[in-house]
Amino acid sequence: MSTRISVNQNVKFMIVLLLSCSLLTGCWDRMEIEERAVVLGISIDTADKDAEAREDEISHLRGKYPAPKQELIQLSVQIALPGRIPLGPGEGGGSGEGEQETVWVLDVVGHTVDDAMMNLQQQISGKLFFGHLRVIVVSEEFARKGIENLNDYLHRNAEVRRMAWLMISKGKAKNHMQAAPKLERVPALYLASTLDDAVKHGKFPSNYIGTFWSNSSKKGQEGFLPYIKIMKGDNVEISGMAFFKGAKMVGVTKPIEIAGYLVIKGISPAGYRGIIHIGDDSQVVTIHATNRESEIKVDIKNGMPHFTITATTEINIEEKNSDTIPVDNSKILEEIARENERSITELLIGLIQKTQKKESDIFGFGELVRAKEPSYWKSHVKSAEQWGEIYKNVTFDYRVTSKVRRIGMKAE
Amino acid sequence: MNEQRQITVTQAAAVTISTIVGVSVLALPLAAVKAADAGAPLVTFLGMLLAFVGLFFMTRLGMRFPNDSYIEYSEIIIGKWLGRIGGLLSIAFFAVLSSLVAREFGEVVVTAVLKNTPLEVTVLVMLLLAAFSSRRNIMTFAYIHLFYSPFILIPALLIVALSLKNAEIVNVLPVMGNEIRGIPAGIITLSTMFQGYFIMMMVIPAMCKPERAMRSSIWAMLITGVLYILIVSATVSVFGAEETKKLLWPTLELAKATSLPANVLERLDAVFLAVWVTAVFTSLFSCYYFTIYSISKLFRLADHGMLSFFILPFLFVLAMLPQSLIHLNEVNSVISKFGLLITIVYPGVLLIIAKLRKKRGKSK
């Protein structure tokens, strides 16, 4: 009996000892949260003409220690203000001050991204921290000149996650840092969730910065990024896909062409609506795609890769503009499906031709050749540049099928 | 002596597994894609086969001399002085290997996690940990490995499984890769990633049934081989071969890009690093233990405990010699290729000579 008690006490003593040991540990890299400047968003523009004059001699002395021979960039950051970020739905303007700024937007100029960050760090007390970086907005003008430098900087930084969104903006990227949409207290988070939700609703393929990097480095594929622009009320619209050749942006699609991309890749859920004419074109039916499936086959015909795209979409009927033709039998539904197949095929042809013209294979057809026809790849392609050349002239077969599954709650 | 002969087949396998899985896990996919692009999983598999040849030689030798240590029976087989030179070379190799493991650990920690902590501190802490733990006898050694091996295997498999939702099969096709020329050199590089299997040498004389040693060798190789192939396949199928080539530590990047379902954890690199630190500790522990154990056998010492702190300063200085990570990797690849002589060629030669000279140890 007594031994048992003493064993128990020993065990208790040990536990207390062990727990107190854990209190004694420290951390060399300890950094209080208010000592860090948490960067939520970054935007990059090409700098204005007068930027040179604004640049301070932080990373190099003017004229003596040569600056990189790159055009100046203007970099803006959105830094979270400690204590102002609402942690839950309950905390909203509790002190009655109403709309409080949650972030601080700063901008600097520099020759490279790191140079600009250095210039920024010079004017901020806390250490810049990129662990929560969610969005990077790059202006179209800058992206067309090439974003190797930006990619390199983010790739090297161990704090940056691969799940951040990189996007291309129409017009000035800085505006996206300053815009304050009403739906979300933190603007950068709103931008990120705009795209996250677009993925969830089948309006954009999941394309985080990590995916973009993987796609651009592949030999048989090029990268693409969301193309956004600011609308009325500081809102953001996803208005297409900016497609790349290497690190240079070469073109942009229309928003509906994103649906074409999703059809080719067979990504579900589907989220786009389409308009179908039936009868003598006076009646239109709006359809809503729900599911997509696809398969791409490659074979070599006359020394050139030839792709067969087999895609299936399932659609629901959402509305019609007049009552001339009732949708009450499967014949009509089949007719609608045929019409839809035709319009999807046209969409695909247009989209693929657009990318072919710029030699930007954002679909990864080249990867299919590399994977499935290695001997052809070895003797004819081998490099990304060569694939771009070939991609311009490859041929496609489209086998699009479409099925109307549901017509909603109305009987006719 | 009797309490020294208790290691079971499972324990022996666990020791080998947790020794092999170590610091190299982080750069493993990089080495594989450098050799064979999309054929990385195949190269890993072939590398495993080559490593198994070495392990096979070692295990057969060990089973032939179930009572003697590596150092002792190499003296029996090829004569006292040649055997001692062989022993000395292997001791030097494992000493250097443990210092390189400690250094690489330090480099990863300083680059990716604790940026302000001095490199010397992380390296020294790891070496101290190994030094403290290796003072005990071989049973404790086996128990420590057995205890940690599930903590290495299960989370690693979990990360691989979770990352597969971003995987694309096209990335790992064609199976042979697009450039076949790199494969032979790749097999050699990849087999060095399995070098930890040498620990079987030390374990066999302490097994209660040494005649079953081959069984643990096969299991250990199979499990680590499958784990490595899975890690390589997952990394390459998520990132693609070209992107993997751009990443210094692709496995860490994989963990960073993987999230738990429902975003409970948005990135798993913290989990992965915890696993990895354990894995590094167990491999370093083995290298360290092997070094001092062999020294004690070479000089016919009764106990190896006192050596554990004696070699610490030497290893620490060795670890600090490489100037940068790139330099470290260059040194590492030279050393580990040299290691192939010690872990595959040398035991092979010993085995053949032992057969020719009909040398055999007493059965226990």
For chain A, averaging the sequence separation of alpha carbon pairs under 8 Å that lie six or more residues apart and dividing by its residue count, the contact order in percent is 13
Computed over chain B: longest principal axis from alpha-carbon atoms vs helix B:138-163 long axis, angle to nearest 10 degrees, is 20
Averaged over residues of B:215-222, the number of beta carbons from other chains lying within 10 Å of each residue's Cβ is 0
Here, trypsin sites (Lys or Arg not before Pro) of the stretch A:361-395 satisfying both criteria (DSSP loop; at most 15 other Cβ within 10 Å) are A:LYS382, A:LYS392
With every protein chain in place, the residues of the stretch A:162-180 shedding 10 Å² or more of accessible area versus the chain by itself (probe 1.4 Å) are A:ARG162, A:MET163
Dipole check, the stretch B:1-96, charges on Cβ (K,R +1; D,E -1), about Cα centroid: among B:THR16, B:PRO66, B:TRP81 the Cα furthest to the positive pole belongs to B:TRP81
Taking Cα atoms, the helix A:2-24 axis meets the longest principal axis of chain A at an angle in degrees (rounded to 10) of 80
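Restricting to Cα pairs below 8 Å that are 6+ residues apart, what does the relative contact order work out to for the stretch B:31-153? Please round to a whole percent.
Details: 45 pairs, mean separation 11.2, N = 123.
Normalised by residue count, the contact order of the stretch B:31-153 is 9 percent.
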For chain B, dividing by residue count, accessible area per residue (probe 1.4 Å) in Å² works out to 40
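From Cα pairs below 8 angstrom and at least 6 apart in sequence, can you work out the relative contact order of the stretch B:232-364, rounded to a whole percent?
The value is 9 percent.
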Taking B:ILE218, B:ILE187 and ranking on accessible area (1.4 Å, protein atoms only), highest first, one gets B:ILE218, B:ILE187
Tilt, helix B:80-108 to longest principal axis of chain B (alpha-carbon atoms), in degrees rounded to tens, equals 30
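Given Cβ point charges of +1 (Lys, Arg) and -1 (Asp, Glu) and nothing else, what value in debye, to the nearest 20, does the dipole of the protein assembly as shown about its Cα centre take?
Values: 82 positive and 72 negative charges, 803 e Å.
My answer is approximately 3860 debye.
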Carbon and sulfur atoms account, in whole percent of the 1.4 Å probe accessible area of the protein assembly as shown, for 60
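So, counting K/R as plus one and D/E as minus one, what does the shell of residues with Cβ under 12 Å around A:LYS218 add up to? Show your work: numbers first, answer last.
Details: positive: A:LYS219, A:ARG370, B:LYS245, B:LYS246; negative: A:GLU222, A:ASP361, A:GLU367, B:ASP37, B:GLU168, B:GLU242, B:GLU243.
Its environment carries a net charge of -3.
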As a percent rounded to 5, the proportion of antiparallel DSSP bridges among beta bridges in chain A is 65
Buried accessible surface, B vs A, both sides, probe 1.4 Å, in Å² to 100, equals 2400
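With n ≥ 4 as the cut-off for DSSP H runs, can you work out [θ] at 222 nm for the protein assembly as shown, using -39500 (n - 2.57) per run divided by the number of residues, rounded to the nearest 500? Write down the numbers at each step before the final one.
Numbers: 29 runs with 383 residues, N = 776.
Here the helix-only value at 222 nm equals -15500 deg cm²/dmol.
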In short, the stretch A:341-387 residues buried by 40 Å² or more of accessible area relative to the isolated chain (1.4 Å probe) are A:ARG370, A:ALA371, A:LYS378
Bridge orientation stat for the protein assembly as shown from DSSP, antiparallel percent rounded to 5, came to 65
For A:LYS12, counting only lysines whose alpha-carbon sits under 18 Å away and dropping same-chain residues fewer than eight positions off, the answer is none
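The values are calculated or read from the model by the stated rules, or taken from the named source; none is laboratory data. Just so it is clear, the structure is predicted and the values come from calculations on it, not from any experiment. Quick reminder, even Gly has a Cβ in these numbers, built from the backbone with ideal geometry, and neighbours come from all protein chains shown. Heads up: the accessible areas ignore ligands, DNA and RNA and are worked out on the full protein's heavy atoms, side chains in. Shrake-Rupley method; radii C 1.70, N 1.55, O 1.52, S 1.80 Å.
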